[in-house]
Amino acid sequence: MNTTRLALRHRHRALLAAAALLLAGTGAGATGLATCDSGPKEGWQPQAKLEQMLKDKGWTVRRIKEDGGCYEVYALDDKGQRVEAYFHPVTLAPVPTKPR
């Protein structure tokens, strides 16, 4: 293999590695719809507490996950409407979202 092709192959691999690192550093799939300055996870309230709080309001919680330092909730509200909502993991207060 000639040196020009070898150099191009190495450059291509380096670009792929750089792109992979860039993507890996973007918040593990965070949507960017909401962000919370939530501090260390030791200070977070349990997801179960948020789930119970929402159930007490008549919501049917489908899923709770972490996104952008917030709790992201997929649920049906008390009117049966599908909801994607964000809550601060320390205070469990609703977090406003950016438009999509």
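Would you check which residues across segment 46-94 are touching a strand residue (DSSP E or B) at 6+ places or on another chain (Cβ under 9 Å), of a type in the set (Asp, Glu) and part of a helix (DSSP H, G or I) and list them?
51
Could you identify the single residue in 33, 6, 23 that is out of contact with any Cys (no Cβ under 6 Å at 6 or more places or on another chain), of a type in the set (A, V, I, L, M), at pLDDT below 90 and open to solvent by 100 Å² or more (accessible area, probe 1.4 Å)?
Answer to the selection: 23.
So the check is Cβ under 9 Å with 6+ separation or different chains; which pairs have a first residue in segment 79-100 that's in contact (Cβ under 8 Å) with a residue 60 or more places away in the chain and a second one that's aromatic (Phe, Trp, Tyr)?
What qualifies is 95/71; 95/86; 95/87; 96/86; 97/86.
The values are calculated or read from the model by the stated rules, or taken from the named source; none is laboratory data. Note that the coordinates shown come from a computational prediction; the quantities given were computed from them, not determined experimentally. Virtual Cβ from ideal backbone geometry, glycine too; neighbours counted across all protein chains shown. The protein model used for the area step is the full one, side chains on, heavy atoms only, and it has no ligands, DNA or RNA in it. Shrake-Rupley method; radii C 1.70, N 1.55, O 1.52, S 1.80 Å.
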